[in-house]
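> One structure follows; several queries about it will come next.
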Amino acid sequence: MKGMMAMRYLLRSLAAALPLALSIAASASTLTLTVPHHLIVMHPAGPASTTLLRTLWADEHLIADMQLDVYQLPQMRSTTEHYAELRKLASSSRWLDAVTWSLTRRDTAETVALAVPRALRAAQRERGPHAPVSTDRDTTVPMTSLTTRMDFGTLPVGDYRLTARAAGLASSFAFSVRTGSEPEVRDEYLRDKASKTHDYAEFRRLELERYERDPSRIDALLDLVDRSLQQGTPAEVRSDFDRAITAYEARRLSFTPDVAAKAAAYISDLRVARDALPEYFQRKAEWTMARDPYSGLYSIRWRATNNVVRVLRAASDK
């Protein structure tokens with residue numbers, strides 16, 4: 001009986017270990033390539049259809065992040081393929097010169113000439129249980145990790161695939177380039193530009209365009225309120241609150257009863273915040289007003305200590 005129990009335990013242990021071993025073998029000496037991008041959810045054939053677009057703007061540079069992890073598991077022959085070549089590459093101070101890059105159009109498979117890349121950073125780490133630096137002891141086998149960030153400049157509008165190759169390994173990343181004027185990406189373009197500009201007037205223009213293009217984007221109006229509370233005039237902030245309240249009231253009519261009730265309560269909270277503006281601007285040197293990102297409620301706090309002066313909430317919500 002004990003022998004049977006031991007056998008069952010061994011089989012269970014092997015069954016649990018096998019997927020892990022296979023995943024390690026499959027990922028030994030890996031090359032990974034990613035391109036920082038904007039992820040846009042589109043519905044080309046209505047709400048039921050969803051397409052993800054990974055895009056760069058035409059005025060942004062193509063940036064590529066590559067990581068090459070070189071290691072082997074001697075007990076698994078599949079992990080030794082290309083290892084000698086990879087080990088030679090990883091031991092060279094000029095390893096980056098051995099990485100080749102190619103760009104193709106996804107619609108035509110045509111090769112696109114790439115600008116000579118500029119290395120923004122490159123690093124080499126010796127990792128494993130016996131690494132001299134404690135933070136590098138984050139792997140169970142000896143491993144050399146090579147990382148780089150490359151800048152390829154700008155590209156014309158199109159759909160592309162970037163590929164990096166090194167010592168028999170390859171990794172690709174598919175992405176698109178858009179101007180930002182295309183209807184399907186315009187809101188994300190405006191939101192992205194608004195989040196990065198330090199020009200308050202430009203910020204207002206971008207967020208107002210977002211709302212004017214799509215009145216369902218009440219988030220654009222709330223972002224506008226948040227910024228105008230800090231940089232706007234009393235008249236601008238009040239008009240921004242009024243615009244948000246009007247937008248919520250218009251949308252509330254299309255909501256289900258339970259959602260409409262929550263919207264009505266939030267409209268009341270917005271009115272309380274709007275009515276506190278005269279007092280807030282009188283003491284703006286001492287106070288700051290901001291929206292809580294989780295509850296959506298506005299509160300007034302002391303600038304010096306961040307302690308709450310008052311949460312701006314309708315009486316019926318308390």
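> Considering each of PRO129, PRO156 in turn, give the residue that is in the same structural domain as LEU96 (by TED's automatic domain parsing), farther than 25 Å from TYR83 by Cα and surrounded by fewer than 13 Cβ atoms within 10 Å (Cβ to Cβ). Explain how you work it out, then say what you get.
Values: PRO129 fails: farther than 25 Å from TYR83 by Cα.
Of the residues listed, the single one that is in the same structural domain as LEU96 (by TED's automatic domain parsing), farther than 25 Å from TYR83 by Cα and surrounded by fewer than 13 Cβ atoms within 10 Å (Cβ to Cβ) is PRO156.
> Could we say that GLY180 is of a type in the set (Gly, Ala, Ser) and buried (at least 16 other Cβ atoms within 10 Å of the Cβ) here? Quick ask: steps written out before the conclusion?
Values: of a type in the set (Gly, Ala, Ser): yes; buried (at least 16 other Cβ atoms within 10 Å of the Cβ): yes.
So GLY180 passes the test.
> Moving to a separate point now. Search segment 242-257 for residues being at pLDDT below 90 and out of contact with any helix residue (DSSP H, G or I) (no Cβ under 9 Å at 6 or more places or on another chain), and hand back the single one that is farthest from TYR211 (Cα to Cα).
In this case the residue turns out to be PRO257.
For (1) surrounded by 15 or more Cβ atoms within 10 Å (Cβ to Cβ); (2) small (Gly, Ala, Ser), each residue gets a yes or a no:
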site: ASP138; (1), (2): no, no
site: LEU169; (1), (2): yes, no
site: SER176; (1), (2): yes, yes
site: ALA201; (1), (2): no, yes
site: GLU212; (1), (2): no, no
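> A further question on this structure: Here are the criteria: (1) at pLDDT 95 or above; (2) surrounded by 15 or more Cβ atoms within 10 Å (Cβ to Cβ). Tell me which single one ALA314 does not satisfy.
It is condition (1) that ALA314 fails.
> Determine whether segment 219-238 contains at least one residue that is free of Cβ contacts under 8 Å to residues at least 40 places away in the same chain, surrounded by 14 or more Cβ atoms within 10 Å (Cβ to Cβ) and more than 30 Å from HIS38 (Cα to Cα).
yes
> In addition: So which residues in segment 45-72 are modelled with pLDDT under 85 and crowded, with 17+ Cβ neighbours inside 10 Å, if there are any at all?
GLN72, the sole residue that qualifies.
> Can you tell me which residue within segment 262-296, out of those that are part of a loop (DSSP other than H, G, I, E, B) and touching a strand residue (DSSP E or B) at 6+ places or on another chain (Cβ under 7 Å), is surrounded by the most Cβ atoms within 10 Å (Cβ to Cβ)? Working first, answer last.
So in segment 262-296, the residues part of a loop (DSSP other than H, G, I, E, B) come out as 276, 283-286, 292-296.
Right, trim to touching a strand residue (DSSP E or B) at 6+ places or on another chain (Cβ under 7 Å) and you get 276, 286, 292.
On the way: ALA276: 18, GLU286: 12, ASP292: 10.
Residue satisfying both the conditions and the ranking: ALA276.
> Now, a different point. If I ask for residues that are more than 19 Å from the chain's Cα centre (by Cα) and β-branched (Val, Ile, Thr), which ones from segment 54-75 would you list?
Of everything in segment 54-75, just one residue is more than 19 Å from the chain's Cα centre (by Cα) and β-branched (Val, Ile, Thr), namely VAL70.
> Pairs only if they're at least six apart or on different chains, beta carbon under 8 angstrom, first in segment 107-134 and of a type in the set (A, V, I, L, M), second part of a loop (DSSP other than H, G, I, E, B); list them, first residue then second.
From segment 107-134, the pairs are VAL112/LEU155; LEU114/PHE152; ALA115/PHE152; ALA115/GLY153; ALA131/ARG137.
The values are calculated or read from the model by the stated rules, or taken from the named source; none is laboratory data. Not measured: the values here are computed from a predicted model. All Cβ positions, glycine included, derive from the backbone under ideal geometry; neighbour counts span all protein chains shown.
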